[in-house]
Amino acid sequence: MTIELSPSRRRALRARAHSLHPVASISQNGLSAAVLAEIDRSLRAHELIKVRVYGAERADREALLSEICARLEAVSVQHIGNILVVYRENPESAKPVPPSPRKPRAATKPVTPQRRLRKQGYS
């Protein structure tokens, strides 16, 4: 199952991922079952994650990214340097949230310059 992202969706995900920290690291042992399980747990919890890769060339990082995406049914968002950004939509979080039963807010008068000056103590 291949999931494709539209360019605008990919751009929005890259923007969201900017402030994230890596949740998993892949080092000399490669993509072990434990690392794959941790990436899966993180995707289930957060949908969008970063993975740091240590000591691998660009082609190897590309291969790791495609393997992660294939095995976890995820989508590659970005590969920049040693950081891989991976996205997998969580079907449970996609459920619509029912609106809360709130009272409508009372209409307020617009703040005119005269009212603003009166509030500040200038009559």
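The values are calculated or read from the model by the stated rules, or taken from the named source; none is laboratory data. As the structure is a prediction and not an experimental result, all values here were calculated from the model. Cβ sites come from the backbone with ideal geometry, for glycine too, and all protein chains shown count toward neighbours.
Values for this structure:
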{"item": "Test set (1) over 12 Å from Tyr87 (Cβ atoms); (2) at pLDDT below 95; (3) not small (Gly, Ala, Ser) - Arg52 fails condition number", "result": "(2)"}
{"item": "Filter result (more than 19 Å from Glu4 (Cα to Cα) and assigned to a helix (DSSP H, G or I)) within the stretch 57-83", "result": "Arg58, Ala59, Asp60, Arg61"}
{"item": "Residue under evaluation Ser76, criteria (1) without any contact (Cβ under 8 Å) to a residue 12 or more places away in the chain; (2) more than 18 Å from His21 (Cα to Cα); (3) in contact with a strand residue (DSSP E or B) (Cβ under 7 Å, 6 or more places away or on another chain), criterion not met", "result": "(2)"}
{"item": "Test: Arg41 is surrounded by 12 or more Cβ atoms within 10 Å (Cβ to Cβ) and farther than 18 Å from Asn82 by Cα", "result": "yes"}
{"item": "Flag for Val86 being part of a loop (DSSP other than H, G, I, E, B) and either of a type outside the set (Lys, Arg) or modelled with pLDDT of 75 or more (or both)", "result": "no"}
{"item": "Cross-chain or 6+ apart pairs with Cβ under 9 Å, the stretch 2-15 first and touching a residue at least 40 places away in the same chain (Cβ under 8 Å), then part of a helix (DSSP H, G or I)", "result": "Ile3/Cys69; Leu5/Leu13"}
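A quick yes/no check of all residues on (1) on the phi > 0 side of the Ramachandran plot; (2) within 19 Å of the chain's Cα centre (by Cα); (3) not in a helix (DSSP H, G or I):
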{"site": "Ile3", "(1), (2), (3)": "no, yes, yes"}
{"site": "Arg9", "(1), (2), (3)": "no, yes, no"}
{"site": "Gln28", "(1), (2), (3)": "no, no, yes"}
{"site": "Ala34", "(1), (2), (3)": "no, no, no"}
{"site": "Arg52", "(1), (2), (3)": "no, yes, yes"}
{"site": "Gly55", "(1), (2), (3)": "yes, no, yes"}
